[in-house]
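What follows is a short report on a single structure.
Rule-based calculations on the coordinates, nothing more; no lab input. Note that the structure is predicted; figures quoted are calculated from it, not measured. Don't worry about glycine lacking a Cβ; one is built from the backbone with ideal geometry, like all the others, and counts go over all protein chains shown.
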Ligand SMILES: [Mg+2]
């Protein structure tokens, strides 16, 4: 049996802002694109719990969040604060939190004792899944009670040292741990043992399964599948019929496994997940995207934005520990939301913002004429990323 924990920092970006700026404490905070008095066109990246009471949540268009905040204000509620946030400050806090987790997981006495030597890397398992999330393997503790103790210590360290809170799910695998960490936010600790797993999952909405987004959720609902126990009414073959084929690749989405969604969801609904903790989360690409204030075909404006993005990507690339890349990929979203991607791979690894800029610009040129844009559609968003990264 495995014992896996999933830790998720609570409303992370907003929590860091509240911590650093006392005047913000207790206020509804929305971090994301500039709302520009309701005309902004980006999205919300984090909303704190006070802002969520207004119906604001992450990934929502910032203009919509702005309207909800204004509605709340008209009803006599506290005005929300909109911030663009500081990626660098958040990643510093994130790094320190990951250190706390590693120190508690790696240096525990039980681990040293069990491995019988100071070199205990075999047992170490901390996987940073995103800036505010990590999985870690507590199987070595031997039971859920000891594992819970480690989790409480980690939560306590984070609260004391970083003055923010985390929620943790403790379960027999990554899938259930991830769902569990979300159950009692903020500052939660939810334990689901192997015996409890199926009953824990059954009543939950199918959207709770990681990977099922709003679209798949709506689609399943149209088939009468709303809860995880509804999924279990279907055989593997039936689910493959309903969902099975690997989805058509869209730009930015991750490639689906050849087995397809049907099989994936069949097993997930039963709480079965053997995916391992991946110690070094492999960074495969680094990128940036930008939504324009107005849909545009102004090359000057676009190349200006492109230049800024290239500088940011170079910074992130250095920060990631990689120095060089071989592939530059751009994506373009038109005013009608059609999205296209184009890539170019260099013969030799290259580096630097200038190179990113030049390669991306070459790829963008064809979007200003018939080659990629025969209807002369205006452009809503551009993205650039570098891939095939090397040290
Ligand atoms: Mg979080």
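Before moving on, here are some points about what is shown:
- In nm, spacing of pseudo-spin labels at residue 84 and residue 58 (7 Å Cα→C-beta vector): 2.1
- With N the number of residues in the range 343-391, Rg(Cα) / (2.2 N^0.38 Å) evaluates to 1.34.
- Length-normalised contact order of the chain in % [C-alpha pairs under 8 Å, at least 6 apart]: 14
- Hull volume in cubic angstrom per residue (convex hull over the Cα atoms of the range 28-79): 57
- Legend: translational diffusion of the chain by Stokes-Einstein, Rh = Kirkwood radius over C-alpha pairs, 20 °C, 1.002 mPa s; D = 92 µm²/s.
- Rounded to 10°, Cα long-axis angle of helix 62-74 versus longest principal axis of the chain: 70
- Top of 104, 371, 380 by mean-square fluctuation, Gaussian network on the chain, Cα under 10 Å: 371
- For the listed peptides 232-240, 69-77, a ranking on the average number of other beta carbons within 10 Å per residue, highest first, reads 232-240, 69-77.
- Choice from 127, 88, 314 showing the highest fluctuation, given a GNM over the chain with Cα pairs closer than 10 Å: 88
- Against the main long axis of the alpha-carbon atoms of the chain, helix 87-106 sits at an angle near 20°.
- In degrees, nearest ten, helix 299-319 long axis to first principal axis of the chain (Cα): 30
- For the chain, a Gaussian network of Cα nodes joined below 10 Å ranks 168, 176, 313 by mean-square fluctuation, and the top entry is 313.
- Rounded Å value of the spacing that divides the Cα centres of the range 130-196 and the range 23-75: 29
- Paired Rg and Dmax values of the range 285-387, which use every Cα atom, in angstrom: 13.2, 42
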